[in-house]
Amino acid sequence: MACGRFLLGPYYNETKEKNLEREKLNVLILAAGLGTRLRPLTEDMPKPLVPVVDKSILEIQAIRARELGPVRLHANAHYLAEQVIAEGTRLGFEKVWKEPEILGTAGPLKRIYNEGYRGGLLVMNGDAYCRFDLNKFMENARRDRCDVALLAVEFPQVNTFRVDGNGHLAGVAGRFGSEQGKPATFSGVSWYSDAALARIKDGEFDIREFWKQELAAGHPIYVDCSQMDATWIDMGSPAGLKAACDARLQELGLNSWVGDHLHSTVQSRISKVGCSVVQNGVDLPEGARVENSILFAGAAVQAGETVKDEIRGRGFSWKL
């Protein structure tokens, strides 16, 4: 018996490890956008790598995803892709998929499935600062047993989703389906089973077209409305970037933050009014003050100047 256990032990452990690897959830962080609303800040830095206080959105989303346990992290990249690839390597991503052309949302999903990845796919945006309970979302999605689950938020300016009484997608206003039902906004967080990924057509780009096809084929789509009031900020505009930084500071329990390479005297030049961030690469001369503002590397500040309600970087200044 002892000999039998000795022989079976390594085989059992190897098989168990392979099973655990197969069961890992795949997570895709969409990071291929052009970041046009944040130019010139994003002229030499892709939007997912723009620092939101102490970390980029790409890193923050990766941290959120890992709260689910062991996952395989993926990202797609197009604009300044080599920077995203390098950062993905640093953060331990399974793979960053370089896209010669932007493939919408459906394209990257199908590409990952076609490459043989299994275990389902959670999708997150690389341009939204959010604080969702992803474990709760996944539990609700599995309980509903639909092949596709979408996480909704309350955002009256958009609210294009229509959700029926069973918690399923009834339609998207102006696109397809019913105009009746509870209004909600898509948060950008979604989950797809392997069966759903298999049904995405090769060459499909628009994920909303796929949702339309799913409903037409009798495959219900679950919409989780349990976190409608959670933090969700589109950081793709200057105002959104400032709101994301304010939310990050609140999460860290801080009123202001300065880069770790800056002299300690910089902190004394930041007003306690509002929330401020001073990144590395900023020269804050004597007598200068910062109030409710964000300064990125290369921002020009004059001696004695007060920078107030502003985002400033190399060659640009945005009044808030």
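The values are calculated or read from the model by the stated rules, or taken from the named source; none is laboratory data. This one's a predicted model, so the numbers in the text were calculated from it and none came from an experiment. Reconstructed Cβ throughout: ideal geometry from the backbone, glycine too, with neighbour counts over all protein chains shown.
Miscellaneous remarks
- The stretch 71-86 residues that are among the basic types (Lys, Arg), paired with ones that are surrounded by fewer than 19 Cβ atoms within 10 Å (Cβ to Cβ) (beta carbon under 6 Å, 6 or more apart): ARG72/LYS24; ARG72/GLU94
- Top-ranked residue in the stretch 185-214 [being of a type in the set (Gly, Ala, Ser) and assigned to a strand (DSSP E or B); ranked as surrounded by the fewest Cβ atoms within 10 Å (Cβ to Cβ)]: GLY188
Yes/no per residue for (1) closer than 22 Å to GLU139 by Cβ; (2) without any contact (Cβ under 8 Å) to a residue 24 or more places away in the chain; (3) touching a Cys at 6+ places or on another chain (Cβ under 8 Å):
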{"residue": "ARG162", "(1), (2), (3)": "no, yes, no"}
{"residue": "ALA173", "(1), (2), (3)": "no, yes, no"}
{"residue": "GLN180", "(1), (2), (3)": "no, yes, no"}
{"residue": "ALA184", "(1), (2), (3)": "yes, no, yes"}
{"residue": "VAL189", "(1), (2), (3)": "yes, no, yes"}
{"residue": "ASP206", "(1), (2), (3)": "no, no, no"}
{"residue": "PHE210", "(1), (2), (3)": "no, no, no"}
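- Selection within the stretch 305-320: residues that are in a loop (DSSP other than H, G, I, E, B) and in contact with a Lys or Arg (Cβ under 9 Å, 6 or more places away or on another chain). The member of this set that is nearest to ASP44 (Cα to Cα) is LEU320.
- Flag if LEU151 is buried (at least 21 other Cβ atoms within 10 Å of the Cβ), in a helix (DSSP H, G or I) and assigned by TED's automatic domain parsing to the domain that holds PRO70: no
- Exactly one residue out of PRO285, PRO238, PRO220 is out of contact with any strand residue (DSSP E or B) (no Cβ under 8 Å at 6 or more places or on another chain) and of a type outside the set (Ser, Thr, Tyr), and it is PRO285.
- Some residue of the stretch 283-291 being modelled with pLDDT of 95 or more and under 25 Å from ILE233 (Cβ atoms): yes
- In the stretch 93-104, residue surrounded by the fewest Cβ atoms within 10 Å (Cβ to Cβ) [restricted to those that are closer than 15 Å to GLN61 by Cβ and under 16 Å from the mean Cα position of the chain (by Cα)]: PHE93
- Any hit, the stretch 296-304, residues being surrounded by 14 or more Cβ atoms within 10 Å (Cβ to Cβ), in contact with a Ser or Thr (Cβ under 6 Å, 6 or more places away or on another chain) and either within 17 Å of LEU41 (Cβ to Cβ) or at pLDDT 95 or above (or both): no
- Residues that are within 14 Å of VAL27 (Cβ to Cβ) and over 16 Å from the mean Cα position of the chain (by Cα), drawn from the stretch 184-203: TYR192, LEU197
- When the stretch 257-282 is limited to residues that are touching a Ser or Thr at 6+ places or on another chain (Cβ under 9 Å) and of a type outside the set (A, V, I, L, M), the one that is farthest from ASP246 (Cα to Cα) turns out to be GLN267.
- Residue list for the stretch 95-126, filter: of a type in the set (D, E, K, R), more than 22 Å from VAL148 (Cβ to Cβ) and either in a loop (DSSP other than H, G, I, E, B) or not assigned by TED's automatic domain parsing to the domain that holds HIS74 (or both): GLU99, GLU101
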